[in-house]
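Following this message is one structure expressed as C-alpha coordinates.
The values are calculated or read from the model by the stated rules, or taken from the named source; none is laboratory data. All values derive from a computational prediction rather than experimental measurement. Ideal geometry is used to build each Cβ from the backbone, glycine not excepted, and the neighbour counts take in all protein chains shown. To get the accessible areas, we keep the full protein, side chains included, count just its heavy atoms, and leave off ligands, DNA and RNA. Shrake-Rupley method; radii C 1.70, N 1.55, O 1.52, S 1.80 Å.
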Amino acid sequence: MSHPGTLILIMAIAVLAPLLAYGSSRWIPVPLVIFEIVLGIVIGPDVLGWARHDRVIDVLSNLGLAMLIFLAGYEIDFAAVRGAVLNRSIAAWVISLAAGLGIAFALTGGETTKSFVIGTALTSTALGTVLPILRDSGGLRGRFGTVVLAFGAVGEFGPVIAVALLLGGRRPGVATVVLVAFAAVTAAGAWWALRPRPPWFSRLVAQTLDSSSQFAVRYVMLLLASMLGLARAFGLDILLGAFAAGVITRLILHAAAPEHSAQVLSRVEAMGFGFLVPLFFIVTGIDFDLDALLHGGRSLVLLPAFLLLFLLVRGLPLYLLAPPDLTRRDSAALLLYGSTCLPLVVAITTIGLTDRSIASGEAAALVGAAMLSVLIFPLLALRIRSGHGERAERPSGLVESAESW
(Lines give C-alpha, C1' and ligand atoms only; values in the text may rest on other atoms or scores of the structure.)
Protein backbone atom coordinates (compact mmCIF):
# COMPACT_ATOMS: atom_id res chain seq x y z
CA MET A 1 0.00 0.00 0.00
CA SER A 2 1.35 3.45 -0.89
CA HIS A 3 2.05 5.93 1.88
CA PRO A 4 -1.27 7.85 1.54
CA GLY A 5 -3.16 4.59 2.01
CA THR A 6 -0.87 3.47 4.83
CA LEU A 7 -1.22 6.83 6.57
CA ILE A 8 -5.02 6.54 6.44
CA LEU A 9 -4.75 3.02 7.84
CA ILE A 10 -2.45 4.20 10.63
CA MET A 11 -4.81 7.00 11.60
CA ALA A 12 -7.76 4.59 11.55
CA ILE A 13 -5.86 2.47 14.07
CA ALA A 14 -5.10 5.59 16.11
CA VAL A 15 -8.87 6.09 16.40
CA LEU A 16 -9.65 2.41 17.01
CA ALA A 17 -7.05 1.96 19.78
CA PRO A 18 -8.73 4.28 22.34
CA LEU A 19 -12.06 2.54 21.70
CA LEU A 20 -10.48 -0.83 22.46
CA ALA A 21 -8.69 0.57 25.51
CA TYR A 22 -11.95 2.03 26.79
CA GLY A 23 -13.79 -1.25 26.24
CA SER A 24 -11.11 -3.35 27.92
CA SER A 25 -10.98 -1.06 30.96
CA ARG A 26 -14.18 -2.69 32.24
CA TRP A 27 -12.19 -5.85 32.90
CA ILE A 28 -8.52 -4.86 32.98
CA PRO A 29 -6.88 -1.47 32.29
CA VAL A 30 -4.60 -1.82 29.26
CA PRO A 31 -2.43 1.20 28.37
CA LEU A 32 -3.32 2.65 25.01
CA VAL A 33 0.21 2.22 23.65
CA ILE A 34 -0.19 -1.57 23.84
CA PHE A 35 -3.15 -1.49 21.46
CA GLU A 36 -1.30 0.85 19.11
CA ILE A 37 1.72 -1.44 18.83
CA VAL A 38 -0.33 -4.65 18.63
CA LEU A 39 -2.61 -3.26 15.92
CA GLY A 40 0.47 -2.05 14.07
CA ILE A 41 1.77 -5.62 14.17
CA VAL A 42 -1.57 -6.88 12.81
CA ILE A 43 -1.50 -4.63 9.75
CA GLY A 44 2.25 -5.11 9.29
CA PRO A 45 4.04 -7.46 6.89
CA ASP A 46 4.12 -10.44 9.29
CA VAL A 47 0.32 -10.70 9.67
CA LEU A 48 -2.04 -8.99 7.21
CA GLY A 49 0.61 -7.22 5.15
CA TRP A 50 -1.55 -4.16 4.57
CA ALA A 51 0.92 -1.47 5.62
CA ARG A 52 4.43 -0.72 4.47
CA HIS A 53 5.85 2.68 5.28
CA ASP A 54 8.12 4.78 3.10
CA ARG A 55 10.12 7.98 3.57
CA VAL A 56 7.07 10.12 4.37
CA ILE A 57 5.90 7.74 7.09
CA ASP A 58 9.48 7.47 8.40
CA VAL A 59 9.77 11.25 8.77
CA LEU A 60 6.44 11.47 10.60
CA SER A 61 7.44 8.56 12.84
CA ASN A 62 10.72 10.26 13.75
CA LEU A 63 8.80 13.43 14.59
CA GLY A 64 6.56 11.33 16.81
CA LEU A 65 9.59 9.97 18.64
CA ALA A 66 10.95 13.49 19.09
CA MET A 67 7.61 14.70 20.45
CA LEU A 68 7.41 11.73 22.81
CA ILE A 69 10.83 12.45 24.34
CA PHE A 70 10.09 16.20 24.39
CA LEU A 71 6.99 15.60 26.51
CA ALA A 72 9.02 13.30 28.78
CA GLY A 73 11.49 16.12 29.38
CA TYR A 74 8.68 18.57 30.00
CA GLU A 75 6.90 16.47 32.61
CA ILE A 76 9.95 16.15 34.89
CA ASP A 77 9.92 18.72 37.68
CA PHE A 78 13.53 18.71 38.88
CA ALA A 79 12.64 21.06 41.72
CA ALA A 80 10.43 18.35 43.23
CA VAL A 81 13.04 15.58 43.19
CA ARG A 82 16.09 17.21 44.73
CA GLY A 83 17.98 16.24 47.86
CA ALA A 84 18.72 12.86 49.38
CA VAL A 85 16.02 11.08 47.37
CA LEU A 86 17.56 12.36 44.15
CA ASN A 87 21.00 11.15 45.25
CA ARG A 88 19.58 7.69 45.96
CA SER A 89 17.79 7.60 42.61
CA ILE A 90 20.98 8.53 40.74
CA ALA A 91 22.97 5.89 42.61
CA ALA A 92 20.29 3.28 41.84
CA TRP A 93 20.38 4.12 38.14
CA VAL A 94 24.19 4.00 37.98
CA ILE A 95 24.07 0.53 39.57
CA SER A 96 21.41 -0.47 37.04
CA LEU A 97 23.58 0.73 34.15
CA ALA A 98 26.63 -1.15 35.41
CA ALA A 99 24.59 -4.32 35.96
CA GLY A 100 22.79 -3.96 32.63
CA LEU A 101 25.99 -3.51 30.66
CA GLY A 102 27.67 -6.39 32.48
CA ILE A 103 24.78 -8.77 31.80
CA ALA A 104 24.49 -7.58 28.20
CA PHE A 105 28.19 -8.22 27.57
CA ALA A 106 27.73 -11.72 28.97
CA LEU A 107 24.68 -12.36 26.79
CA THR A 108 26.28 -11.09 23.59
CA GLY A 109 29.71 -12.60 24.10
CA GLY A 110 31.36 -9.19 24.33
CA GLU A 111 29.80 -7.47 21.30
CA THR A 112 30.26 -3.86 22.33
CA THR A 113 27.58 -1.93 20.46
CA LYS A 114 24.91 -4.61 20.91
CA SER A 115 25.75 -4.72 24.62
CA PHE A 116 25.33 -0.95 24.85
CA VAL A 117 21.88 -1.19 23.21
CA ILE A 118 20.64 -4.02 25.44
CA GLY A 119 22.29 -2.76 28.62
CA THR A 120 20.91 0.77 28.23
CA ALA A 121 17.42 -0.49 27.40
CA LEU A 122 17.36 -2.44 30.65
CA THR A 123 17.77 0.74 32.73
CA SER A 124 14.75 2.83 31.72
CA THR A 125 11.53 3.67 33.56
CA ALA A 126 8.32 4.69 31.80
CA LEU A 127 7.42 7.56 34.10
CA GLY A 128 4.76 8.74 31.65
CA THR A 129 2.96 5.40 31.98
CA VAL A 130 3.34 5.20 35.75
CA LEU A 131 2.18 8.75 36.53
CA PRO A 132 -1.46 8.38 35.36
CA ILE A 133 -1.83 5.14 37.31
CA LEU A 134 -0.41 6.72 40.46
CA ARG A 135 -2.48 9.86 40.02
CA ASP A 136 -5.75 7.98 39.61
CA SER A 137 -5.05 5.62 42.52
CA GLY A 138 -4.02 8.42 44.87
CA GLY A 139 -0.41 7.19 44.95
CA LEU A 140 1.13 10.54 44.03
CA ARG A 141 0.14 12.06 47.35
CA GLY A 142 2.66 11.93 50.15
CA ARG A 143 6.14 10.53 50.51
CA PHE A 144 5.68 7.55 48.19
CA GLY A 145 4.68 9.77 45.25
CA THR A 146 7.75 11.99 45.72
CA VAL A 147 10.04 8.95 45.77
CA VAL A 148 8.51 7.44 42.62
CA LEU A 149 8.81 10.79 40.83
CA ALA A 150 12.51 11.05 41.71
CA PHE A 151 13.44 7.50 40.77
CA GLY A 152 11.28 7.63 37.63
CA ALA A 153 12.72 10.96 36.49
CA VAL A 154 16.26 9.61 36.66
CA GLY A 155 15.05 6.46 34.90
CA GLU A 156 14.02 8.63 31.97
CA PHE A 157 16.91 11.12 32.00
CA GLY A 158 19.73 8.61 32.59
CA PRO A 159 19.12 6.40 29.54
CA VAL A 160 18.95 9.46 27.29
CA ILE A 161 22.42 10.50 28.50
CA ALA A 162 23.68 6.92 28.15
CA VAL A 163 22.45 6.80 24.55
CA ALA A 164 24.39 9.97 23.78
CA LEU A 165 27.56 8.58 25.37
CA LEU A 166 27.43 4.95 24.26
CA LEU A 167 25.49 4.85 21.00
CA GLY A 168 26.79 7.91 19.19
CA GLY A 169 29.51 6.07 17.28
CA ARG A 170 32.31 7.96 19.07
CA ARG A 171 34.95 6.85 21.54
CA PRO A 172 33.72 7.39 25.13
CA GLY A 173 36.23 10.17 25.80
CA VAL A 174 35.28 12.13 22.69
CA ALA A 175 31.58 11.48 23.32
CA THR A 176 31.94 12.84 26.85
CA VAL A 177 33.57 16.05 25.60
CA VAL A 178 30.82 16.53 23.01
CA LEU A 179 28.13 15.83 25.60
CA VAL A 180 29.67 18.31 28.05
CA ALA A 181 29.75 20.95 25.29
CA PHE A 182 26.10 20.25 24.46
CA ALA A 183 25.24 20.38 28.17
CA ALA A 184 26.97 23.75 28.47
CA VAL A 185 24.95 25.17 25.59
CA THR A 186 21.79 23.67 27.07
CA ALA A 187 22.60 25.12 30.49
CA ALA A 188 23.03 28.52 28.87
CA GLY A 189 19.65 28.04 27.26
CA ALA A 190 18.15 27.10 30.63
CA TRP A 191 19.71 30.21 32.23
CA TRP A 192 18.23 32.32 29.45
CA ALA A 193 14.88 30.60 29.92
CA LEU A 194 14.82 31.56 33.60
CA ARG A 195 15.43 35.24 32.88
CA PRO A 196 12.32 37.43 33.23
CA ARG A 197 10.43 37.72 29.97
CA PRO A 198 9.15 41.15 28.95
CA PRO A 199 5.49 41.83 29.86
CA TRP A 200 4.39 41.66 26.24
CA PHE A 201 5.44 38.00 26.05
CA SER A 202 2.87 36.85 28.61
CA ARG A 203 0.22 39.11 27.09
CA LEU A 204 0.85 37.72 23.62
CA VAL A 205 0.65 34.15 24.91
CA ALA A 206 -2.72 34.90 26.55
CA GLN A 207 -4.15 36.82 23.60
CA THR A 208 -3.28 34.22 20.98
CA LEU A 209 -4.21 31.03 22.88
CA ASP A 210 -7.59 30.87 21.17
CA SER A 211 -6.61 32.47 17.88
CA SER A 212 -5.12 31.11 14.67
CA SER A 213 -1.68 32.56 15.46
CA GLN A 214 -1.07 30.30 18.52
CA PHE A 215 2.13 32.17 19.39
CA ALA A 216 3.07 30.00 22.37
CA VAL A 217 2.67 26.72 20.49
CA ARG A 218 4.76 28.02 17.59
CA TYR A 219 7.36 29.23 20.08
CA VAL A 220 7.52 25.76 21.65
CA MET A 221 7.90 24.14 18.22
CA LEU A 222 10.75 26.56 17.44
CA LEU A 223 12.50 25.52 20.67
CA LEU A 224 12.05 21.85 19.80
CA ALA A 225 13.34 22.29 16.26
CA SER A 226 16.29 24.35 17.49
CA MET A 227 17.35 21.77 20.08
CA LEU A 228 16.96 18.93 17.56
CA GLY A 229 19.14 20.90 15.14
CA LEU A 230 21.68 21.62 17.89
CA ALA A 231 21.87 17.93 18.81
CA ARG A 232 22.45 17.05 15.17
CA ALA A 233 25.14 19.73 14.89
CA PHE A 234 26.95 18.09 17.83
CA GLY A 235 26.49 14.68 16.23
CA LEU A 236 24.17 13.52 19.03
CA ASP A 237 20.96 11.54 18.78
CA ILE A 238 17.68 13.47 18.56
CA LEU A 239 16.57 11.92 21.87
CA LEU A 240 18.90 14.24 23.77
CA GLY A 241 17.85 17.34 21.84
CA ALA A 242 14.16 16.59 22.29
CA PHE A 243 14.58 15.92 26.01
CA ALA A 244 16.53 19.15 26.52
CA ALA A 245 13.87 21.07 24.59
CA GLY A 246 11.20 19.73 26.94
CA VAL A 247 13.16 20.80 30.03
CA ILE A 248 13.82 24.30 28.68
CA THR A 249 10.21 24.72 27.52
CA ARG A 250 8.94 23.90 31.02
CA LEU A 251 11.28 26.49 32.53
CA ILE A 252 10.18 29.20 30.09
CA LEU A 253 6.45 28.61 30.37
CA HIS A 254 6.43 28.28 34.16
CA ALA A 255 8.53 31.44 34.51
CA ALA A 256 7.01 33.65 31.82
CA ALA A 257 3.38 32.54 31.66
CA PRO A 258 2.62 30.28 34.66
CA GLU A 259 -1.11 30.94 34.49
CA HIS A 260 -1.24 29.72 30.87
CA SER A 261 1.41 26.97 30.87
CA ALA A 262 -1.14 24.17 31.33
CA GLN A 263 -3.19 25.42 28.39
CA VAL A 264 -0.13 25.69 26.17
CA LEU A 265 0.96 22.20 27.15
CA SER A 266 -2.50 20.82 26.41
CA ARG A 267 -2.27 22.17 22.86
CA VAL A 268 1.19 20.70 22.34
CA GLU A 269 0.00 17.38 23.78
CA ALA A 270 -2.97 17.45 21.41
CA MET A 271 -0.56 17.69 18.50
CA GLY A 272 1.69 15.00 19.95
CA PHE A 273 -0.74 12.46 21.42
CA GLY A 274 -3.39 13.20 18.81
CA PHE A 275 -1.19 12.52 15.78
CA LEU A 276 2.58 12.15 15.98
CA VAL A 277 3.08 9.89 19.03
CA PRO A 278 0.48 7.24 18.10
CA LEU A 279 1.89 7.22 14.59
CA PHE A 280 5.33 6.42 16.02
CA PHE A 281 4.02 3.54 18.12
CA ILE A 282 1.91 2.12 15.29
CA VAL A 283 4.90 2.24 12.94
CA THR A 284 6.87 0.49 15.68
CA GLY A 285 4.27 -2.27 15.51
CA ILE A 286 4.49 -2.40 11.72
CA ASP A 287 8.27 -2.82 11.99
CA PHE A 288 7.97 -5.39 14.79
CA ASP A 289 9.53 -8.64 13.57
CA LEU A 290 6.89 -11.06 14.82
CA ASP A 291 8.18 -13.86 12.61
CA ALA A 292 11.67 -13.63 14.13
CA LEU A 293 10.21 -13.62 17.63
CA LEU A 294 7.93 -16.63 17.15
CA HIS A 295 10.21 -18.76 15.00
CA GLY A 296 13.64 -17.66 16.10
CA GLY A 297 13.78 -19.97 19.11
CA ARG A 298 16.34 -17.88 20.96
CA SER A 299 14.26 -14.70 20.58
CA LEU A 300 11.23 -16.31 22.17
CA VAL A 301 13.34 -17.50 25.10
CA LEU A 302 14.82 -14.02 25.47
CA LEU A 303 11.42 -12.39 25.95
CA PRO A 304 10.70 -13.72 29.48
CA ALA A 305 14.42 -13.42 30.24
CA PHE A 306 14.35 -9.71 29.43
CA LEU A 307 11.18 -9.28 31.49
CA LEU A 308 12.98 -10.79 34.48
CA LEU A 309 16.04 -8.65 33.80
CA PHE A 310 13.92 -5.49 33.92
CA LEU A 311 13.05 -6.46 37.49
CA LEU A 312 16.58 -7.43 38.48
CA VAL A 313 18.60 -4.76 36.67
CA ARG A 314 16.27 -1.78 37.05
CA GLY A 315 13.94 -2.73 39.88
CA LEU A 316 16.22 -4.39 42.43
CA PRO A 317 18.56 -1.37 42.89
CA LEU A 318 15.48 0.78 43.47
CA TYR A 319 14.29 -1.61 46.18
CA LEU A 320 17.71 -1.72 47.84
CA LEU A 321 18.21 2.06 47.74
CA ALA A 322 14.65 3.06 48.55
CA PRO A 323 14.54 5.62 51.40
CA PRO A 324 14.49 3.86 54.78
CA ASP A 325 11.23 5.53 55.78
CA LEU A 326 9.32 3.59 53.11
CA THR A 327 7.55 0.41 54.18
CA ARG A 328 8.41 -2.92 52.57
CA ARG A 329 5.17 -2.80 50.62
CA ASP A 330 6.02 0.64 49.26
CA SER A 331 9.56 -0.45 48.40
CA ALA A 332 8.19 -3.48 46.54
CA ALA A 333 5.73 -1.24 44.67
CA LEU A 334 8.61 1.11 43.82
CA LEU A 335 10.51 -1.87 42.38
CA LEU A 336 7.56 -2.72 40.11
CA TYR A 337 6.78 0.84 39.04
CA GLY A 338 10.46 1.50 38.35
CA SER A 339 10.75 -1.67 36.23
CA THR A 340 7.85 -0.58 34.01
CA CYS A 341 9.26 0.50 30.67
CA LEU A 342 8.48 0.69 26.95
CA PRO A 343 8.93 4.06 25.21
CA LEU A 344 12.69 4.36 25.70
CA VAL A 345 13.09 0.63 25.03
CA VAL A 346 11.35 1.18 21.70
CA ALA A 347 13.50 4.24 20.98
CA ILE A 348 16.77 2.52 21.92
CA THR A 349 16.03 -0.65 19.94
CA THR A 350 15.07 1.54 16.98
CA ILE A 351 18.55 3.07 17.13
CA GLY A 352 20.06 -0.41 17.36
CA LEU A 353 18.09 -1.63 14.33
CA THR A 354 18.99 1.47 12.34
CA ASP A 355 22.74 0.98 12.78
CA ARG A 356 22.32 -2.82 12.55
CA SER A 357 23.96 -3.45 15.90
CA ILE A 358 21.07 -5.59 17.15
CA ALA A 359 19.12 -8.35 15.37
CA SER A 360 15.43 -7.88 14.71
CA GLY A 361 14.58 -10.90 16.84
CA GLU A 362 16.45 -9.47 19.82
CA ALA A 363 14.77 -6.11 19.34
CA ALA A 364 11.38 -7.83 19.17
CA ALA A 365 12.13 -9.71 22.40
CA LEU A 366 13.10 -6.49 24.18
CA VAL A 367 10.02 -4.59 22.98
CA GLY A 368 7.75 -7.57 23.72
CA ALA A 369 9.12 -7.81 27.26
CA ALA A 370 8.67 -4.06 27.72
CA MET A 371 5.04 -4.36 26.59
CA LEU A 372 4.47 -7.09 29.18
CA SER A 373 6.07 -4.89 31.84
CA VAL A 374 3.50 -2.17 31.12
CA LEU A 375 0.67 -4.71 31.33
CA ILE A 376 1.81 -6.56 34.46
CA PHE A 377 4.03 -4.53 36.78
CA PRO A 378 1.78 -1.50 37.53
CA LEU A 379 -1.18 -3.77 38.29
CA LEU A 380 0.95 -5.83 40.68
CA ALA A 381 2.17 -2.62 42.34
CA LEU A 382 -1.41 -1.46 42.80
CA ARG A 383 -2.33 -4.82 44.30
CA ILE A 384 0.61 -4.67 46.73
CA ARG A 385 -0.23 -1.17 47.91
CA SER A 386 -3.98 -1.82 48.05
CA GLY A 387 -3.40 -3.48 51.42
CA HIS A 388 -1.48 -0.42 52.59
CA GLY A 389 -4.01 2.35 52.30
CA GLU A 390 -4.01 2.83 48.54
CA ARG A 391 -7.35 2.47 46.78
CA ALA A 392 -7.72 -0.96 45.25
CA GLU A 393 -10.11 -0.15 42.46
CA ARG A 394 -8.94 -0.04 38.90
CA PRO A 395 -7.55 3.36 37.81
CA SER A 396 -10.46 4.66 35.76
CA GLY A 397 -8.48 7.50 34.20
CA LEU A 398 -5.85 5.22 32.71
CA VAL A 399 -7.43 5.10 29.29
CA GLU A 400 -7.78 8.85 29.03
CA SER A 401 -4.32 9.80 30.27
CA ALA A 402 -2.09 6.90 29.40
CA GLU A 403 -1.50 7.42 25.72
CA SER A 404 1.51 8.40 27.52
CA TRP A 405 4.28 6.41 26.75
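Under 8 Å between Cβ atoms, which residue pairs at least 6 apart in sequence (or on different chains) link something in region 271-300 that is more than 21 Å from MET221 (Cβ to Cβ) and free of Cβ contacts under 8 Å to residues at least 12 places away in the same chain with a partner that is surrounded by fewer than 19 Cβ atoms within 10 Å (Cβ to Cβ) and of a type in the set (Ser, Thr, Tyr)?
Short answer, once both residue conditions are applied: none.
To continue, here is another question. Being surrounded by 15 or more Cβ atoms within 10 Å (Cβ to Cβ) and assigned to a loop (DSSP other than H, G, I, E, B) is the filter here; which residues of region 22-45 pass it?
Correct list: SER25, PRO29, VAL30, PRO31, GLY44, PRO45.
Next question, about the same structure. Working carefully through the options LEU48, LEU19, LEU60, LEU71, find the one that is at pLDDT 85 or above, in a helix (DSSP H, G or I) and out of contact with any Leu (no Cβ under 8 Å at 6 or more places or on another chain).
Details: LEU48 fails: in a helix (DSSP H, G or I); LEU60 fails: out of contact with any Leu (no Cβ under 8 Å at 6 or more places or on another chain); LEU71 fails: at pLDDT 85 or above.
None of the other options fit; the residue is LEU19.
For (1) touching a residue at least 60 places away in the same chain (Cβ under 8 Å); (2) open to solvent by 30 Å² or more (accessible area, probe 1.4 Å); (3) part of a helix (DSSP H, G or I), each residue gets a yes or a no:
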position: PHE157; (1), (2), (3): yes, yes, yes
position: LEU165; (1), (2), (3): no, yes, yes
position: ALA206; (1), (2), (3): no, yes, yes
position: ALA216; (1), (2), (3): no, no, yes
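Oh, and also: Give region 96-119 a look and list any residue that's at pLDDT below 90, crowded, with 23+ Cβ neighbours inside 10 Å and among the polar types (S, T, N, Q), or say none.
Of everything in region 96-119, just one residue is at pLDDT below 90, crowded, with 23+ Cβ neighbours inside 10 Å and among the polar types (S, T, N, Q), namely SER115.
Looking at ALA332, ALA365, which is the one that is aliphatic (A, V, I, L, M), open to solvent by 20 Å² or more (accessible area, probe 1.4 Å) and either outside any loop (DSSP other than H, G, I, E, B) or modelled with pLDDT of 85 or more (or both)?
Only one candidate qualifies: ALA332.
For the structure I just gave you, tell me whether VAL185 is buried (at least 17 other Cβ atoms within 10 Å of the Cβ) and among the β-branched types (Val, Ile, Thr).
Details: buried (at least 17 other Cβ atoms within 10 Å of the Cβ): no; among the β-branched types (Val, Ile, Thr): yes.
Judged against the criteria, VAL185 is not a match.
Just one of the numbered conditions (1) surrounded by fewer than 16 Cβ atoms within 10 Å (Cβ to Cβ); (2) assigned to a helix (DSSP H, G or I); (3) among the hydrophobic types (A, V, I, L, M, F, W, C) is not true of ALA14; which one?
(1)
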